[in-house]
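A short worksheet on the structure shown next.
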Amino acid sequence: MSYRIGLVGKPSVGKSTLFNAATMNDVPEGAFPFTTIDPSIGEAYVRTDCVAPEFDESCQPSVGMCEDGTRFVPVKLVDIAGLVPGAHEGRGLGNQFLTDLNETDVLIHVVDFSGSTDLEGQATEGHDPREDIDVLEDELDAWYLDILEKGIDRYESKQLSDPDPEDVLAEQLSAFGISGAEIKQLVLATGYDVAPSEWDVEQRDVLAREIRKRTKPMVIAANKMDMESAQENWNRITADPEYDHLEFVPVSAHAEKALKNAAEQGAIEYAPGASEFEITADLPAEKNAGLEQIQTFLDEFGGAGVQRALEAAVFDVLGLKAVFPGSASGTWSKGPFRDCFLLPPDATAEEFAYHLHSDIGDGFLHGIDCRNSRQVGADTVLDHRAVVEVISTNQ
Ligand SMILES: Nc1nc2c(ncn2[C@@H]2O[C@H](COP(=O)(O)OP(=O)(O)O)[C@@H](O)[C@H]2O)c(=O)[nH]1
Ligand SMILES: [Mg+2]
């Protein structure tokens, strides 16, 4: 199973460009709405420092790759088209959009920070990107509220059998992957009565929003930051406490795509997401000038931002950790450090064993921290970049 990141946003913000840059798959790009009809699923990568150098090994990744000590771990990226206001009522490509959304663990909302596209994705000037952020959040919240309301109705019709309200709601909201316990926790945190019949309209709104924030966490890819009009929007919006719950990453999907293209053509050497590149061919002056402009962007923002947006989603928002199966004795049956797995923030040594294989989990004896050869118990929560050998009766 690999984690799925959904790309959302109104038409013409640069979703396909970002998707292509991140995956180098070919999806049509164009400055008009609904270029992308079907959701496109591709493989992208998140970076983490490889552990192999600490063990004087050179790794042999079974999937992904490793470049100069940077390991690229695969994740699925899904380009989800068709968000229009009213999508939750089935307008536009609404329903398919919502189904695709449900299958993602985290969202990257691509927003045109240059303000050069209106709410429908048509060319304009001076559009406020805050509107896009608000519209998308409101749209998701309306969808959640619909389903929450259905759960409340269902609970009310079941009162004779006296079920726990959070269990009925969790069942109704099962597609969002939230448990009864989590719902109860959210209800208690808001200070509301546990009985849904007591919730007024505003409280229902607040709960729907809280459940949405919990189950569809989001990164804002502030795209088109290479355009002059974008900086002022960036300063204003990222300083606004109303958006503190969102993670913002400055992006030029365009720049990342251009660099990947140039690297593919052998014109430059560039590791995805790096803050610099090297020109390795004799290029026409015009191309050189273009690359210089991109270098200025990288200098200012520390990179083109596409990789950072993916990594913000995986590491900062979901809090995942990369865990490497190790060998305490330094012997490898297939080659050193073939695997690197992304695991949830609270994953233990035993859960790691189950992730490797259910038989290995069933026979779990203990783990070994390969950095210091110490034994690791079943319930030990693993760190990001842990290197662990699992000792199991079923190896
Ligand atoms: N200036 C600038 N233009 C971009 C950037 N990313 C995409 N675009 C342009 O925005 C338009 C829409 O891009 P596209 O990827 O098709 O958007 P989508 O409809 O959201 O998939 C195209 O003309 C792209 O070249 C960027 O980072 N900077
Ligand atoms: Mg598109």
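The values are calculated or read from the model by the stated rules, or taken from the named source; none is laboratory data. This is a predicted model, so every value here is computed, not measured. A quick note on method: Cβ atoms are made from the backbone with ideal geometry, for glycine too, and the neighbour counts reach across all protein chains shown. Please note that ligands, DNA and RNA were not included when accessible areas were found on the heavy atoms of the full protein model with its side chains. Shrake-Rupley method; radii C 1.70, N 1.55, O 1.52, S 1.80 Å.
Below is a table of values for the structure above.
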item: Hey, VAL78 modelled with pLDDT of 75 or more and either within 13 Å of ligand 2 (Cβ to nearest atom) or within 27 Å of LEU119 (Cβ to Cβ) (or both) or not; result: yes
item: Those residues of region 195-214 which are open to solvent by less than 20 Å² (accessible area, probe 1.4 Å) and more than 13 Å from TRP143 (Cα to Cα), in sequence order; result: PRO196, TRP199
item: Which numbered condition GLU120 misses (of (1) surrounded by 15 or more Cβ atoms within 10 Å (Cβ to Cβ); (2) modelled with pLDDT under 95; (3) not in a helix (DSSP H, G or I)); result: (1)
item: Neighbours by Cβ (under 9 Å, 6+ apart or cross-chain): first from region 370-395, at positive phi; second surrounded by fewer than 17 Cβ atoms within 10 Å (Cβ to Cβ); result: ARG385/ASP49
item: Every residue from region 210-243 that is without any contact (Cβ under 8 Å) to a residue 40 or more places away in the chain and touching a strand residue (DSSP E or B) at 6+ places or on another chain (Cβ under 8 Å); result: THR238
item: Residue in region 21-35 that is surrounded by 21 or more Cβ atoms within 10 Å (Cβ to Cβ), over 18 Å from VAL249 (Cβ atoms) and either modelled with pLDDT under 90 or within 13 Å of ligand 1 (Cβ to nearest atom) (or both) present; result: no
